[in-house]
1. So who's got an amide H within less than 5 Å of the one on residue 302, skipping anything under 5 residues away but keeping other chains? H placed 1.01 Å off N, in plane.
2. Take residue 86 and residue 615, extend 7 Å from each Cα along the Cα→Cβ direction, and tell me the distance between the two endpoints in nm.
3. Quick one: longest stretch of the chain between exposed loop chymotrypsin sites (Phe, Trp or Tyr not before Pro), exposed meaning at most 13 other C-beta atoms within 10 Å and loop per DSSP?
4. How much length would be gained if the chain were fully extended between residue 401 and residue 111, taking 0.36 nm per residue of separation minus their Cα-Cα distance, in nm to one decimal?
5. In degrees between 0 and 90, to the nearest 10, how far off the longest principal axis of the chain does helix 573-584 point, with axes built from Cα atoms?
6. Size of the dipole of the stretch 1-201 about the Cα centre, Lys and Arg at +1 and Asp and Glu at -1 on the beta carbon, nothing else charged, in debye to 20?
7. Residue by residue through the stretch 482-494, which ³J(HN,Hα) values in whole Hz follow from phi under the Karplus form 6.51 cos²θ - 1.76 cosθ + 1.60 (θ = phi - 60°), with glycine and proline marked x?
8. If you roll a 1.4 angstrom probe over the protein chains with everything in place, what fraction of the accessible area of the stretch 1-201 belongs to carbon and sulfur, to the nearest %?
Amino acid sequence: MAELIPAPGACLSRMTAGERQVARVLLDGLEDDCLIWYDLFPGEGRHYPNFIVLHPERGLLFLEVRDWRAGSLKRMSRATCTLESVEGRREVAHPLELGRQGMQRLLKELLRDPRLCRDGEARPPFPCGWGLVLTGIARSQLERGMPAGMREQLLPERQVLHRDELHELEPGALRRRLESMCVPGGSGRLTRTQIDAIRWHLFPELRIGDDGLPLSGSAPPPAGGMRVMDLRQEYIARSLGEGQQVVRGGAGSGKTLILGYRCLHLAATLRRPIQVLCFNAALAARLRGFVAAHGIDERVRVEHFHDWCERQLETWQVELLEGEDEHYWRVADSVIAGVERGRIPGGQYGALLIDEGHDFEPDWLRLLARMIDPAEGSLLLLYDEAQALHRRRSAQGFDLASVGFRAPGFREPGDRTPGSGGMLRRNYRNSREILAFGHCLAGGHLADDEGDMPPAAAAPGPRPALRRFPRLSGETAHAVCCLRQWYAEGLAWGDMALLYPQGGAGEAMVEALVALGIPHAWLEDDEARRGYRADAQRVSVMPIQAAKGLEFAAVVLFDASFVAPGEEADSSLPERVRLLHIGIGRARQRLLVSFHRNNALARALGADELSRYAH
């Protein structure tokens, strides 16, 4: 069975009766390694056919589907068709001409891509073509109503499937008919790299920038190479619809990438307000920069959760609850109380997207679930329980179902087991060496599903370095030397970060940066983090907790053996290792971890399993 993107459950209801017939025939008649796309993301100056079919051996096919009846088709030329209905006559573009124009535009791009064609080649190394399925007209009806010569000019037999043929062809014959619609290309089977190259040109909305977020379709290829979402990421992103949707994935698996795609899609299709919330103020700032760069900041609002709570209280003139709890708790409790008393309305948004859902309290999630339009609203929650660090009122965990969330039940392309859920399974951020280092550190301290991750698709990189120093001053001196060396090698200041667990190490590092004139931003509190800019040419200095959701080409994780005053290093070891593991996950290619204290955490960093990284 072929794979349909989006998931059938997300698109069958949008199809016409004829399109549903074609979808079922294609799914049942084509092989498992065949991809079929339907109802794609609209784009400026782009027309997509009803179905796009891509097979590694039979190539690329644009397939138009029309539910026309024989009596409704009154006139036809190579360019247009005239149809008659109860509303009167109307002229529409000839579907084969639409397919031809779309394929020709695409071929111009494909022929310039060295991943697909060598210089001077006049055709791609795979078959490509376009065709038409007439789901309401039998071949015999067309033969009676149109002379043979005209049929061959306007509806060539090679490129048209009729109603009766659609249901009579057995799978092998169907494949041959679809193959005959294509012009032969080179021999051989398309590789995964070539398929991704085709998807790069075919679907600009899938392109990924160096920051890990969707790239503007008009932007030049990023310095890091032409990357697109993998099929799992695309499958989930395109299958999201109305109602509550949950996507789970580890660090670097593409959760925020999917959120970015969803923002672009909703901004183009939804008229009601769209709200994005996350726990980390710096991540909120990064996402605000993303929506502004794509020109959708008037349609999509991005905020840190507690800033959103403050705005709700101000907008609806609800007073802050008094009490002994910290402001951190009272501001959210005040919004919850305001909603319960009817002073703050629910259903404010057509869509609500929540990143870092693992850091939200159960009561906060219940509150947010009430903020979407109950009739047709969309709520997306992205989370990774392995990154849950922030304090909870209750030490008990909670089930998402208990706060009203459910997984959408997507299947992974090629996975025939139902109910695998909206799960992202691969890490695309970190180099293989950084992933291996994180796995070694986690071993024996974290649960298997926290410290492990399936193999990365990323390229290999330099081996991470682990350094022990007599005191913090040695760490800061070595860190700034590394920064200067990386900058001399061509790495931008803005693609480096200095992360620390907490405590006074940040101030010591900032003093070292000031002494050497290295541009930097110290994101020590929420006020500073609100001003974070991913494109600013300065080194980011921040606690590890503040870096969640961010990524950098190079990371220095210093004072790694820090333990808070009064904290028992032995009992808190799993939590401290989890924090370091999250910091390690911010680095794409280069990583330095340094420490100077003597405690249980230092012993974990000095374990034999990590000895090959020690310097």
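1. Under 5 Å from the amide H of residue 302 lie the amide H atoms of 276, each far enough along the sequence or on another chain.
2. Once both label points are built, they end up 7.7 nm from each other.
3. Working: sites that count: 316, 398.
Result, exposed sites excluded: 1-315.
4. Residue separation times 0.36 nm, minus the Cα-Cα distance, leaves 99.4 nm.
5. 50
6. That gives the stretch 1-201 a dipole magnitude of about 500 debye.
7. Residue by residue, the stretch 482-494 yields 5, 4, 5, 5, 5, 5, 5, 7, x, 7, 6, 4, x Hz.
8. 50
The values are calculated or read from the model by the stated rules, or taken from the named source; none is laboratory data. Quantities reported herein were computed from a predicted structural model and do not represent experimental measurements. Ideal geometry is used to build each Cβ from the backbone, glycine not excepted, and the neighbour counts take in all protein chains shown. Note: areas computed on protein heavy atoms with side chains; ligands, DNA, RNA excluded. Shrake-Rupley method; radii C 1.70, N 1.55, O 1.52, S 1.80 Å.
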